[in-house]
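A quick write-up on the structure given underneath.
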Amino acid sequence: MFDRLFESTLKVVLLNSIGEREMKRLNVMIVDDEILAIEHLKHMINWEEHGFTIVGEALSAKKAIEVLKTNRPHIIFMDIQMPRMDGLQLSQKILEFNPNTKIILLTSHREFDYAKKAMNLGISHYLLKHELQETKLIETLEGIKTELQEQEEKVLSIKRQCLLDLLVYGTQKEIAMKNLQKSISDINSNFFFFFVKMDTAFSIFDQYSSIVNMYVPELEWKGIFQSEEMEYIESVTLEGGKLLILCKLKHKLAEREVFSPIYNQAVNIKNQGKNKGLSLSIIISPIFRKMKDLPALYRETEKKSLFLILYGKQTIIRYQDITLPDYDIQAEWKGTIQFIRKQVTSAEGEDFIQAVKIVFQRLRKKFHPSVLQVVCKEFTYILDQLREKNRIPTYFELGAQDKATFPHFYKLEEISQWLIEEYKGLSTILRPSGFSKKIHLVMDYIHEHYQKDLSIEVIGDSLSISGDHLRHVFKKETGRTVLDYLTWFRIEKAKELLDGEEYKIYEVAEMVGYKTSQYFSLVFKKWTGTTPLEYKDQLK
């Protein structure tokens, strides 16, 4: 009965002592059936001065069990000769449940050979009672301290690697699952994690996107966990500026009861990063009971982290508050692009601003990063038309020449605002105050009727302007002929149509005002340097 009670109690106590980390002060326990021997050992050195604390003492194995219930000794001084269960038997039981415990056998001359045999049990230290001196005791303790520190570093490294393998490879990495569970004192706890991500700018020019293989710097995250509700388990850094901090609740409470302290802990993590010059956003995972659920939950959280641009920098949000889309992403971005092209019939007009506002309102309700990237590409293409028209280097040209500092966006509204402001600035260039109302009327007429068979006379008659006068005024104010402007506009519209896959070359020719595809191809090559077919292939 005593043995069964002993084993069940000892197992719980010692398992809870596994995984102690950063042992600034080591706990010591003394077990000896002679009180004078205990007192002698206690007063031999200044334990605190050397980094040790005597947390318990016992005169028997039974008393030792009671002390173990409330203390977690790293080191145990054990007398061999004790009643009922001797020190060697007790040591064997302790080491079966926790081989990391360091036991120092206290022995005499006549027991010396017997004590050496105990080394096979994993007891690597012994001291002769009658020869015990201060210097020998300190030397032994310092050696054990070094062993424990190296052991802790090894355990920590294994635990981190197991956690990393579990996140990267999932439950198929069974050995990682088993080793991680072994390192956690209570695998039936309520677990949760903080998904921490460095705030990185979204680039509307995908060819100049931020490099993703960056890491959150190694910081001492455990040090900021001073909570009665939760306990730090381990943290692991991942590529892409991501960090996972795994924790467990000390008590089995409902999620609503612990949300406040968990949120406050997230604030501490964010502030810790801020103190180091890092801008961090955090997603708080739901509580889960089984470690095998961690990989799938992490992957879903990683997907949801792509939606943080909806909330801005240094966001703290619950996993449940980010909803992944349940609609057809491809159909959504195709429909959005069709809307933009229908709304913005040319590179000019307030319809651009209106289209930006409508599309970004829709994006907030039905958001997906890939849809945002396609939307930005479409709007910047329209802006590039304006730049090209006015002989201003396009964004692509600026990026290729490393002459542009593209803005950083951390929130959806910042992107839409930039597009609108960029358009307004380019519109000023497009229609400078020096252009007369007459020229504006000619441009507007071309934009509206470019698909028809136009000539100087047709345009002039429609606007009650003579052909000769129109040629003279337009050339003088714009620096180009009316027909050059008409051709340029038709080619720009043709580029838009060729960007899709639904139209053939001859259909595009007719849609932009050319009667034959052959003539259209000649004009297109003259203006762009490539044939329509070559241009279409380049887009692919």
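Being in contact with a Lys or Arg (Cβ under 6 Å, 6 or more places away or on another chain), modelled with pLDDT of 80 or more and aromatic (Phe, Trp, Tyr) narrows it down to one of 485, 450, 445, so name that one. Result: 450 is the single residue among 485, 450, 445 that is in contact with a Lys or Arg (Cβ under 6 Å, 6 or more places away or on another chain), modelled with pLDDT of 80 or more and aromatic (Phe, Trp, Tyr).
Screening 353, 309 for residues that are within 30 Å of residue 485 (Cα to Cα) and open to solvent by less than 40 Å² (accessible area, probe 1.4 Å) leaves exactly one candidate, 353. The residues of segment 53-79 that are surrounded by fewer than 21 Cβ atoms within 10 Å (Cβ to Cβ) and either more than 47 Å from the chain's Cα centre (by Cα) or aromatic (Phe, Trp, Tyr) (or both), listed by number, are 57, 59, 60, 62, 63. Of all residues in segment 491-504, those being open to solvent by 20 Å² or more (accessible area, probe 1.4 Å) and closer than 20 Å to residue 523 by Cβ number 6.
Note on segment 300-318: among residues that are without any contact (Cβ under 8 Å) to a residue 40 or more places away in the chain and in a helix (DSSP H, G or I), the one that is farthest from residue 369 (Cα to Cα) is 300. Is it the case, given these coordinates, that residue 283 is touching a Phe, Trp or Tyr at 6+ places or on another chain (Cβ under 6 Å), closer than 24 Å to residue 218 by Cβ, among the hydrophobic types (A, V, I, L, M, F, W, C) and open to solvent by less than 70 Å² (accessible area, probe 1.4 Å)? Yes; evaluated as a whole, the condition is true for this residue. Only one of the numbered conditions (1) open to solvent by 40 Å² or more (accessible area, probe 1.4 Å); (2) modelled with pLDDT under 75; (3) acidic (Asp, Glu) is not met by residue 142, and that is (2). Pairs meeting the criteria (first residue in segment 63-80 and within 12 Å of residue 144 (Cβ to Cβ), second residue crowded, with 18+ Cβ neighbours inside 10 Å and of a type in the set (Phe, Trp, Tyr), beta carbons under 8 Å, at least 6 apart or on different chains) are 75/52.
Does any residue of segment 104-118 turn out to be under 30 Å from residue 238 (Cβ atoms) and modelled with pLDDT under 80? No, there is no match, as no residue in segment 104-118 is under 30 Å from residue 238 (Cβ atoms) and modelled with pLDDT under 80.
The values are calculated or read from the model by the stated rules, or taken from the named source; none is laboratory data. Remember, it's a predicted structure, so these values are computed and weren't measured experimentally. So basically every Cβ, Gly included, is an ideal-geometry build from the backbone, and we count neighbours across all protein chains shown. Note: accessible area is taken over every heavy atom of the protein model, side chains too, but ligands, DNA and RNA are not part of it. Shrake-Rupley method; radii C 1.70, N 1.55, O 1.52, S 1.80 Å.
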